[in-house]
Structures are given as structure tokens and as C-alpha cells.
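Notes follow once the structure below has been shown.
Just so you know, all these numbers are worked out from the coordinates, no wet-lab data involved. Because the structure is predicted, anything quoted here is derived from the model rather than measured. Glycine also receives a Cβ, built like all others from the backbone with ideal geometry; neighbour counts cover every protein chain displayed.
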Amino acid sequence: MTQVRTRFAPSPTGYLHVGGARTALFSWLFARHHGGAFVLRIEDTDLERSTAESVNAILEGMTWLGLEYDEGPFFQTRRFDRYQAVIDELMAKGLAYRCDCPRERLDALREEQMAKRLKPRYDGHCRGREVDPAKPHVIRFRNPDSGSVVVDDIIRGRVVFSNEELDDLVIRRSDGSPTYNLSVVVDDMDMGITHVIRGDDHLNNTPRQVNILRALGKEAPRYAHVPMILGDDGARLSKRHGAVSVIQYRDEGFLPEALLNYLVRLGWSHGDQEIFSLDEMIEYFDLAEVNKAASVFNTEKLRWLNQHYITHGDPARIAHLLSPHLGRLDIDPAQGPDLVEVVKAQQGRAATLVELAAISAFFYRDFEDYDPKAAKKHLRPVAREPLARARAALETLDDWTPEALHALVDGIAADLGVKMGKVAQPLRVAVVGRAASPGIDLTLWLVGREACLRRIDRALAHIDARAGDEG
Ligand code: GLU
């Protein structure tokens with residue numbers, strides 16, 4: 001059997017958005033599943049809209065997601081000679097011809113057809129004409145007049161296109177550049193692509209591409225057109241639905257494995273399994289199981305998956321990914337407790353790394369304000385005694401370990417004849433500013449002695465000021 005070869009062929013006119021990333025993922029998985037090759041091709045023939053920044057953004061997004069390619073990136077702009085050679089070949093075979101129909105003629109033709117409720121199409125006016133190659137002209141492909149193109153799409157099923165519906169499309173513009181349909185055909189052919197997996201906005205281009213391939217005496221690859229992604233309002237997913245660029249998800253604190261897991265389930269399923277390791281995705285992925293219908297992007301589900309991967313991820317890796325998010329809060333994690341220990345204590349408590357950074361900042365610097373509700377409830381005069389005792393005991397504790405800290409808090413509660421919470425909660429609000437944090441022993445241990453004492457003093461002052469106000 002021939003080796004499976006797939007490709008991802010983005011046009012570098014923007015970011016790598018989630019729709020493109022999913023198409024890339026499906027192509028990558030299909031290649032990996034079959035032990036085949038995955039090719040990256042940059043379709044930059046639209047010189048006005050293609051940019052180097054966009055190429056970089058696409059490469060950055062692919063790298064972040066871990067969708068490594070086996071060949072490429074190939075750039076279409078470096079292959080113009082090859083496209084020209086194929087155009088020459090089609091010309092020599094009489095399967096392409098020069099056309100110098102002026103814009104006015106084409107416009108008039110279109111209007112006439114529209115008035116008759118016909119599908120606008122080129123009428124083949126120049127098919128038999130001699131057009132001076134020295135004068136401005138385009139080159140058109142001579143599409144078959146009759147018959148049909150049958151596409152057995154792996155996702156969509158059989159789609160039949162009648163050749164009468166297609167016209168002689170332009171394959172070379174008047175400036176000499178090849179058009180999309182021509183360059184795609186040449187590349188898919190030259191790169192030995194066996195499976196073209198792409199967005200279903202290209203379904204209507206498929207019969208044209210198949211006809212050009214046939215004219216060149218080549219077999220068409222298999223096609224799989226992936227349905228689009230919708231926003232929760234039912235419209236095609238776009239910028240106004242929030243983040244759509246892969247890099248933006250990274251910056252918002254999503255893990256690549258969470259986004260990949262989310263994207264693979266967007267339109268594909270394997271029983272009712274939701275969590276897939278990369279190996280499982282590769283093992284189970286099958287194009288035939290991709291849904292025909294469009295899928296709706298659900299940010300809540302992505303957050304749920306992200307929380308899962310943060311909670312169960314290797315703490316050292318999460319710490320590594322968390323570091324830049326702390327940096328954005330002007331925190332240098334080297335100046336404070338071991339970040340891996342902080343991650344272990346906090347892992348289950350945040351849906352994104354941005355949130356994890358926000359709830360971990362107090363380990364590295366004093367918080368600004370108390371959560372008003374927590375302060376009102378726990379920093380009351382009755383908390384003065386337990387806090388003062390805790391301060392004294394913490395100051396002299398020899399063994400600064402979670403175990404010793406636990407025993408210390410326990411001991412104060414026993415001395416005062418109160419439940420542990422009556423000591424731990426005021427202490428927690430004093431040290432972290434709010435009522436939620438990891439266990440009090442871990443919290444105190446990680447915050448460190450000096451900051452604990454400083455913050456308890458602040459809480460005692462807060463209680464006294466409040467007593468003054470209320471008294
Ligand atoms: N360059 C095209 C796009 O970005 C994809 C072409 C293809 O996959 O055939 O939409």
C-alpha cells in the first residue's frame with residue numbers, strides 16, 4: 001500500500017485560528033495513525049495579502065500545539081517556475097488557452113446570465129481564438145463540457161458535480177501568477193498527497209481540481225472536507241466570539257494538550273470518551289467518524305478540559321508553563337517559594353494558567369486588599385487572640401515544615417478550646433487576603449515566616465482599627 005501523505009496548506013493572511021488548527025490536527029492525526037507523512041505548505045501566492053508575520057504566527061501556533069511536520073514548510077511563491085511548466089504542458093496539450101476578454105465583456109456576460117437566472121460562468125468565448133501572447137491575457141483551463149466529477153468524500157460521502165455547471169477557470173492571472181486551483185493541484189500532485197483534508201469551504205473547488213489532475217493524466221487523491229466551526233450564536237466562528245487565534249489561547253493560559261483535546265472532539269468522537277492523550281488520539285482517530293454537520297465552539301468545555309489538564313499535569317511542567325504568566329504580573333518566581341511546590345498546592349484550583357497565576361501571586365508578594373467579605377467574617381475582635389498567639393508561635397517555630405505548622409495551629413485551637421477553623425480561617429485571611437487557599441499548613445509553609453508575621457501584624461492592625469470604628 002502507498003504511504004499515507006497529508007498536508008496542511010494555510011494561506012498566510014492572518015493567525016492560525018482554531019478552525020485551521022483543527023484541520024491541521026485532523027491531517028496530522030490521520031498521517032500519524034497510518035504511519036504516514038504530514039507536509040506543511042504555505043500558500044502565499046496572494047502577494048498582497050500574504051505576510052511574513054502571518055507565516056511566523058502559523059509556525060508558532062503549530063509548534064506550540066506540537067503538530068510537527070515531516071516535510072516543509074514549502075512556499076508556493078518559490079515554485080512559480082514549476083507552475084508555469086504545468087501551464088505550458090496544458091497549453092501544449094490544447095487543454096488550456098489564452099483569453100483576453102475585457103472586464104466589460106465579462107461583466108456584461110454575467111449580468112445577462114443573472115437576468116436569465118443562469119449561474120454566472122465564462123462562455124468559452126476565447127476557446128478557439130488566436131490571442132496575441134504579447135498582449136495582456138489570462139490563461140484558462142479547458143474544462144470538459146460534459147460528464148461529471150464524482151467525489152467520494154470521506155466525510156461528506158458521495159458528491160457529484162456536473163461538468164456543465166463548471167466553466168473554464170483562470171489558471172494564470174494576467175500578471176503571470178498562477179491561481180489557487182492550479183497551484184494546489186500541482187503541489188498535491190508533486191508532493192504525493194494521498195489525502196486532502198481541508199475546510200469544506202473548498203468542496204466546490206474540488207471538481208475543478210480533479211479535472212485539472214485528469215488533464216495531467218493523474219489520479220485524484222482522496223478528499224475529506226471538514227465542516228466548519230460555529231460560535232454559540234450559530235454564526236461562523238470569528239473574532240467577535242472572543243479568542244480564535246491559537247496563540248491567543250496560549251496567552252490566556254490554556255495548555256496545548258487541552259486545546260488539542262478540545263479540537264479533536266469538535267466534530268469527532270470515540271464512544272463517549274472525552275479525555276484523550278495524544279497517543280489515544282493517534283490510535284483512535286478516523287476521518288470516517290468525523291461529523292458531517294458543523295460543530296459549535298464551547299468555551300466552557302475548553303475551560304473544563306484545561307482545568308483537567310492543569311489538575312493532573314506534571315507539576316514541574318505546569319510550573320514551567322505558569323512562569324511567564326507570573327512574569328506578566330511582575331512576579332519573578334525565583335524570588336519566593338519553589339514554584340513546583342506552589343503548583344502542587346494549587347493545581348486543582350484554576351481553569352487557566354492566568355487564573356492559577358492570579359491565585360498564586362500572594363505566595364510571592366503581599367496582596368493589595370482583603371476580600372471584603374472574608375475580612376468582615378474572619379478578621380473580627382474574636383480573632384485577635386488566636387492571631388496574636390499564632391504570631392508568637394510562628395516567630396519562634398524551629399521546624400518550618402507543613403507538619404510542624406499543622407501541629408502549631410492545632411495546638412492553639414486546643415489551648416483556646418475552639419475548633420481548628422477558628423484559628424485557621426482568620427490566619428488564612430490574614431496571610432492570603434481571602435477565605436480560600438490550600439490547606440493552612442501548606443499555605444503558611446509556602447508563604448514563609450517573614451511574610452506571615454508581617455501579614456499577621458497587618459491583620460491585627462485591621463482588627464484594631466475596625467474595633468475602633470465600631471466601638
Ligand atoms: N490555502 C487554502 C486556505 O487556507 C487551503 C487550500 C487547501 O487546503 O486546498 O484556505
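Bin all alpha-carbon pair distances of the chain at 10 Å intervals from 0 and give each bin's fraction as a whole percent.
Reading the bins upward from 0: 4, 16, 20, 17, 13, 10, 8, 6, 4, 1, 0.
State, as an integer percentage, the relative contact order of the range 1-124 based on alpha-carbon contacts under 8 Å between residues 6 or more apart.
Relative contact order comes out at 23 percent.
For the Cα atoms of the chain, what angle does the longest principal axis make with the long axis of helix 449-470, in degrees from 0 to 90, nearest 10?
Relative to the chain, helix 449-470 is tipped by roughly 70 degrees.
Check the chain for me: any Cys whose beta-carbon has no other cysteine beta-carbon within less than 4.7 Å?
Result for the chain is 101, 452, no neighbouring Cys Cβ within the cutoff.
Per residue of the chain, what 222 nm ellipticity follows from adding -39500 (n - 2.57) for every DSSP H run with n ≥ 4, rounded to the nearest 500? Before the final figure, lay out each step's value.
On the way: 19 runs with 221 residues, N = 471.
It comes out at -14500 deg cm²/dmol, rounded to the nearest 500.
Please tell me the relative contact order of the range 151-240 in percent, rounded to the nearest whole number, where contacts are Cα pairs under 8 Å and at least six residues apart.
Computed value for the range 151-240: 33 percent relative contact order.
Using mean Cβ contacts within 10 Å as the protection proxy, how do 345-353, 446-454, 6-14 order, highest first?
The densest-packed peptide leads the list: 6-14, 345-353, 446-454.
Only counting other Cβ atoms within 10 Å, I'd like 286, 369 sorted with the fewest neighbours first.
Ordered by Cβ neighbours within 10 Å, fewest first: 369, 286.
What is the list of residues in the range 256-292 whose amide nitrogen lies under 17 Å from a point 7 angstrom out from the Cα of residue 304, following Cα to Cβ?
258-277
For the range 365-457, just say rounded, prolate or oblate: build the C-alpha gyration tensor, square-root its eigenvalues into a ≥ b ≥ c, call rounded for a/c under 1.5, and beyond that prolate if a/b exceeds b/c, oblate if not.
Because a/c hits 1.5 or more and a/b fails to exceed b/c, the range 365-457 counts as oblate.
Between residue 159 and residue 52, take the C-beta separation as r, use R0 = 30 Å, and let me know the FRET efficiency to the nearest 0.05.
0.25
With a ≥ b ≥ c taken as the square roots of the eigenvalues of the C-alpha gyration tensor of the range 96-157, please select rounded if a/c is under 1.5 and otherwise prolate if a/b is larger than b/c or oblate if it is not?
Note, shape of the range 96-157 comes out oblate.
Specify which residue in the list 115, 360, 284 is farthest towards the positive end of the charge dipole of the chain, using unit charges on the beta carbon of Lys, Arg (+1) and Asp, Glu (-1), about the Cα centre.
115
So, with +1 on the Cβ of K and R and -1 on the Cβ of D and E, and no other charges, what is the size of the charge dipole of the range 250-388 about its Cα centre, to the nearest 20 debye?
680 debye
Determine which residues of the range 168-196 fall in the zone a paramagnetic label at residue 123 would reach in this model, i.e. backbone nitrogen under 19 Å from the point 7 Å along Cα→Cβ.
Taking a point 7 Å out along Cα→Cβ of residue 123, the residues of the range 168-196 whose backbone N falls under 19 Å are 168-170.
For 376, 344, 135, what ranking results if the residue with the fewest other Cβ atoms within 10 Å of its Cβ goes first? Numbers along the way, then the final one.
On the way: 376 12, 344 16, 135 9.
Sorted ascending by nearby Cβ count, the order is 135, 376, 344.
Considering the options 440, 343, 370, tell which one lies farthest towards the positive end of the dipole of the range 311-442, charges being +1 on Lys and Arg and -1 on Asp and Glu at the Cβ, about the Cα centre.
In the range 311-442, that residue is 370.
What would the Debye formula give as log10 I(q)/I(0) at q = 0.21 Å⁻¹ for the alpha-carbon point model of the range 44-130, no solvent?
Once normalised to I(0) and log-transformed, intensities are -1.03.
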